[in-house]
Amino acid sequence: MKDYIVRGIAAGGTIRAFAANTTETVACAAARHETYPVVTAALGRLLTAASMMGSMMKGEDDIITLTVKGDGPIGNITATADSKGNVKGFAGNPAVEIPRKGPGKLDVGSAVGAGTMTVVMDLGLSEPYNGLVELQTGEIGDDLAYYFTVSEQTPSAVGLGVMVETDWSVKHAGGFIVQLMPDVEEETIAKLEENMSQISSVTDMMESGMTPEDMLNALLGNLELEITDKEDVRFYCNCDKDRVSAALATIRKEDIQEMIDAGEDIEVKCFFCNTAYKFSVEELENLVEQ
Ligand SMILES: [Zn+2]
């Protein structure tokens, strides 16, 4: 089944909501970066969040980048999405092993640690929008809810989940974001809170066969939910050799010269998708000349 996001509104437009199934996307990220289970979960949650936030943007070339900088063993985690369902990302350290919180419960919070989450939205304006919050739990869903509430003044409920099998494959990945608009009524909030208290975790909902539409129905079904859009999501990186060589050109001339002097081809990997690009000594020499 293809990954997708659904968008909807409820309570006469005073609530907007997003839900996604990102299982294939997260499986692709895990395979490319060879992540251990807790990293698959952390990166997968951030990719899921980025893909839904990407679908909040309107412009063709709009880009959103989420970066979690924690002091835990994973290091930094970055996810970037556009408004068309393309998302990519990576974790500083893909090989993290950490005790589980309980049977089947990966301890994402401890693997991420304490630190900050930054959100950068490049909407084609001269200055990109920039928000930064302290991590609340490092579980990513809580941190994002806090970001929306504090930094964007939009009270939000966020659920993100990745279920990793014992063979390290991704069984389910997905999530939801529900946001209150300024003119929302108290009664609506009370109903939503009641609905929130009835639902189980994202992975439990997906395990029981629920689709993104079903998740929104569980959250907002009794609040005049109207599903307005559906969009495919995929792990996609737009790198090519030119982009990688442009990145290579930003490192110090002496360092490139050192590689040339070593007289061997080098391999440079894209951070986002781990694709390797080979550069010959001759290509490196051309780079230095430029
Ligand atoms: Zn790439």
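Is segment 76-95 home to any residue that is assigned to a strand (DSSP E or B) and surrounded by fewer than 19 Cβ atoms within 10 Å (Cβ to Cβ)?
Step one: of segment 76-95, the residues assigned to a strand (DSSP E or B) are 76-82, 86-91.
From what's left, surrounded by fewer than 19 Cβ atoms within 10 Å (Cβ to Cβ): 76.
Yes: one or more hits.
Please enumerate the residues belonging to segment 243-276 that are surrounded by 12 or more Cβ atoms within 10 Å (Cβ to Cβ), within 16 Å of the ligand (Cβ to nearest atom) and within 20 Å of residue 290 (Cβ to Cβ).
243, 244, 245, 247, 248, 268
How do the helices (runs of 4 or more DSSP H) wholly within segment 105-208 filter down when requiring 3 or more residues that are free of Cβ contacts under 8 Å to residues at least 12 places away in the same chain: which remain? Give the steps one after another, and end with the answer.
Values: elements: 108-112, 141-151, 186-198, 202-207.
Once the helices (runs of 4 or more DSSP H) in segment 105-208 are filtered for at least 3 residues that are free of Cβ contacts under 8 Å to residues at least 12 places away in the same chain, what remains is 186-198.
All but one of (1) in the same structural domain as residue 162 (by TED's automatic domain parsing); (2) of a type in the set (Lys, Arg); (3) more than 23 Å from residue 158 (Cβ to Cβ) hold for residue 253, so report the exception by its number.
Here residue 253 meets the rest and fails (1).
Select from segment 192-219 the residues that are of a type in the set (A, V, I, L, M) and closer than 16 Å to residue 174 by Cβ and list them in ascending order.
Quick first cut of segment 192-219, residues of a type in the set (A, V, I, L, M) only: 192, 196, 199, 202, 205-206, 210, 215-216, 218-219.
Passing the criteria: 199, 202, 205, 206, 210, 215, 216, 218, 219.
Filter segment 1-16 down to residues that are more than 17 Å from the chain's Cα centre (by Cα) and of a type in the set (A, V, I, L, M) and give me whichever is surrounded by the fewest Cβ atoms within 10 Å (Cβ to Cβ).
Within segment 1-16, the match that is surrounded by the fewest Cβ atoms within 10 Å (Cβ to Cβ) is 1.
Table: residues versus (1) in the same structural domain as residue 231 (by TED's automatic domain parsing); (2) loosely packed, with under 15 Cβ neighbours inside 10 Å; (3) touching a Gly at 6+ places or on another chain (Cβ under 9 Å); (4) modelled with pLDDT of 95 or more.
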{"residue": "170", "(1), (2), (3), (4)": "yes, no, yes, yes"}
{"residue": "176", "(1), (2), (3), (4)": "yes, no, yes, yes"}
{"residue": "179", "(1), (2), (3), (4)": "yes, no, no, yes"}
{"residue": "191", "(1), (2), (3), (4)": "yes, no, no, yes"}
{"residue": "199", "(1), (2), (3), (4)": "yes, no, yes, yes"}
{"residue": "202", "(1), (2), (3), (4)": "yes, no, yes, yes"}
{"residue": "208", "(1), (2), (3), (4)": "yes, yes, no, yes"}
{"residue": "212", "(1), (2), (3), (4)": "yes, no, yes, yes"}
{"residue": "215", "(1), (2), (3), (4)": "yes, no, yes, yes"}
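Which numbered condition trips up residue 290, out of (1) surrounded by 10 or more Cβ atoms within 10 Å (Cβ to Cβ); (2) away from the ligand (no atom under 16 Å from the Cβ)?
(1)
Out of all the residues in segment 232-242, is one or more in contact with a Cys (Cβ under 7 Å, 6 or more places away or on another chain), within 14 Å of the ligand (Cβ to nearest atom) and in a loop (DSSP other than H, G, I, E, B)?
Going through segment 232-242, the residues in contact with a Cys (Cβ under 7 Å, 6 or more places away or on another chain) turn out to be 235, 237, 239.
Now narrow it down to the ones that are within 14 Å of the ligand (Cβ to nearest atom): 235, 237, 239.
Checking which are in a loop (DSSP other than H, G, I, E, B) leaves us with 237, 239.
Within segment 232-242 (the criterion being in contact with a Cys (Cβ under 7 Å, 6 or more places away or on another chain), within 14 Å of the ligand (Cβ to nearest atom) and in a loop (DSSP other than H, G, I, E, B)), the answer is yes, since at least one residue qualifies.
Which count do you get for residues in segment 32-83 that are of a type in the set (Gly, Ala, Ser), farther than 14 Å from residue 234 by Cα and at pLDDT 95 or above? I'd like the intermediate steps shown before the answer.
To start, the set of residues in segment 32-83 that are of a type in the set (Gly, Ala, Ser) comprises 41-42, 44, 49-51, 54-55, 59, 70, 72, 75, 79, 81, 83.
From the residues that got through so far, the ones that are farther than 14 Å from residue 234 by Cα too are 41-42, 59, 70, 72, 75.
Imposing the further condition that a residue be at pLDDT 95 or above reduces the set to 41-42, 70, 72, 75.
Adding up the residues that qualify gives 5.
Kindly indicate which of 93, 86 is assigned by TED's automatic domain parsing to the domain that holds residue 183, in contact (Cβ under 8 Å) with a residue 24 or more places away in the chain and within 16 Å of the ligand (Cβ to nearest atom). Reasoning before the result, please.
Details: 93 fails: within 16 Å of the ligand (Cβ to nearest atom).
None of the other options fit; the residue is 86.
The values are calculated or read from the model by the stated rules, or taken from the named source; none is laboratory data. Please read these numbers as outputs of a predicted model, since none were measured by experiment. In this analysis, Cβ positions are derived from the backbone assuming ideal geometry, glycine residues included, and neighbour counts consider all displayed protein chains.
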